[in-house]
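**Q** My structure is below; once you've seen it, I'll send some questions.
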Amino acid sequence: MDELDSKNLGRLHRIVDTRSVWTSEAGDFTPWLAENIDVLGDALGMMLTVVDTEVRIGDFRLDIHAKDGDDRSVVIENQLERTDHGHLGQCLVYASGLDASTVIWVAPKFREEFRSALDWLNEHTGSELGFFGVEVGIVRIGNGPSAPVFDIVSRPNDWQKTVKTAGNAAEARAATPVNAARQALFTDILTAANTRQPAIAVPTPKKGNWIAFASGPFGNWGLVISDDRLRVEAYLDTYNGDINNALFDEFAANSTAWQDQCGLELSWDRLEDRRASRIAAQKPVDLDDPADREAARKWGVDTLVAMYNALNTPLRAAAKARRAAFAESEPPLDDGA
């Protein structure tokens with residue numbers, strides 16, 4: 001074990017060979033990245049939700065197709081070798097084929113000419129399309145566990161300014177009296193829940209009666225106020241209605257056991273008129289009554305943490321298994337070879 005300094009701080013070591021962790025791109029790294037897409041999203045300051053993996057576009061296969069927090073198309077191409085001309089061209093093909101708003105190219109090391117190419121594309125395309133170059137690495141402190149890191153080497157022009165401006169705009173939208181009251185309650189709940197479960201994020205307030213605060217292969221977690229009721233929900237949306245229904249039915253079949261594990265009475269809404277489904281708990285709330293609002297806040301924190309701790313990991317695993325089973329059931333694709 002490495003020695004610690006006078007402040008009990010260790011030394012951060014970077015593992016150069018990423019293949020010592022991910023042995024193959026398609027069979028190992030892409031599934032890992034899809035399952036842990038929130039790690040990449042955090043590095044970019046985006047909420048990403050996986051739509052599908054190994055998506056056929058012409059004679060090529062995109063590694064990951066995702067959506068951002070505004071439901072816009074995001075293409076993610078990754079490799080475990082140094083960047084090359086082929087992957088740059090594929091990024092452009094995928095962006096065109098899926099009408100992408102964001103292209104994310106992930107590799108252990110970017111050659112300078114390809115980083116410059118992404119910078120050039122960002123300079124010569126409009127604000128409706130942006131390119132990211134992201135270097136993936138592995139770090140470890142002493143003999144402790146390894147952890148992934150994503151370093152952004154190229155980004156859209158004024159990206160940081162755009163993110164900050166978007167946050168300011170969101171705060172301005174949240175300033176309307178009704179929305180401010182809803183979003184303030186959401187923030188209070190999420191802030192308190194985060195101290196008990198750090199995986200629960202505290203996003204920027206939005207315009208509307210809901211907020212999503214965590215995503216996964218099953219969909220996302222959210223808070224909603226509708227018809228004077230506060231709702232904590234796991235929103236099941238893999239962007240495939242058949243997978244959504246199968247995932248929901250799998251958990252609904254054991255609803256009593258899940259309710260016992262959460263210690264809550266849950267509502268199981270298959271939402272037949274929509275593609276998605278949800279598992280939720282709800283409570284009446286009067287935002288104009290301070291005492292009732294405080295009761296709703298406390299209930300929201302307890303309910304959110306209980307549901308997240310009980311359901312998040314099983315939902316992620318089940319969704320991943322359902323996706324894999326669905327992919328295996330599809331007819332094999334002709335690669336044009």
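Derivation of every value follows stated rules applied to the coordinates shown; laboratory data play no part. The structure displayed is predicted, hence computed values, not measured ones. All Cβ positions, glycine included, derive from the backbone under ideal geometry; neighbour counts span all protein chains shown.
**Q** Sort out which residues of segment 280-292 are crowded, with 18+ Cβ neighbours inside 10 Å and assigned to a strand (DSSP E or B), and write them in order of number.
**A** Ala280, Ala281, Gln282 - these are the residues of segment 280-292 that are crowded, with 18+ Cβ neighbours inside 10 Å and assigned to a strand (DSSP E or B).
**Q** Tell me whether segment 73-82 contains one or more residues that are closer than 20 Å to Phe326 by Cβ and surrounded by 17 or more Cβ atoms within 10 Å (Cβ to Cβ).
**A** Within segment 73-82, one or more residues are closer than 20 Å to Phe326 by Cβ and surrounded by 17 or more Cβ atoms within 10 Å (Cβ to Cβ).
**Q** Would you check if there is a residue in segment 131-146 being closer than 21 Å to Asp38 by Cα, touching a residue at least 40 places away in the same chain (Cβ under 8 Å), in contact with a helix residue (DSSP H, G or I) (Cβ under 7 Å, 6 or more places away or on another chain) and hydroxyl-bearing (Ser, Thr, Tyr)?
**A** no
**Q** If His124 meets every condition in (1) touching a residue at least 12 places away in the same chain (Cβ under 8 Å); (2) farther than 30 Å from Phe218 by Cα apart from one, which number is that one?
**A** Answer for His124: the failing condition is (1).
**Q** In segment 252-263, is there at least one residue being closer than 29 Å to Pro198 by Cβ, among the acidic types (Asp, Glu) and in a helix (DSSP H, G or I)?
**A** yes
**Q** With segment 1-105 as the region, which strands (runs of 3 or more DSSP E) entirely inside it contain at least 2 residues that are over 20 Å from the mean Cα position of the chain (by Cα)?
**A** Passing ranges, in order: 12-15, 49-57, 60-67.
**Q** Can you tell me which residues in segment 261-279 are surrounded by 15 or more Cβ atoms within 10 Å (Cβ to Cβ) and of a type outside the set (D, E, K, R)?
**A** Gln261, Cys262, Leu264, Leu266, Trp268, Leu271, Ala276, Ser277, Ile279
**Q** For segment 108-128, how many residues are under 25 Å from the mean Cα position of the chain (by Cα), surrounded by fewer than 13 Cβ atoms within 10 Å (Cβ to Cβ) and among the charged types (D, E, K, R)?
**A** Within segment 108-128, residues that are under 25 Å from the mean Cα position of the chain (by Cα), surrounded by fewer than 13 Cβ atoms within 10 Å (Cβ to Cβ) and among the charged types (D, E, K, R) number 1.
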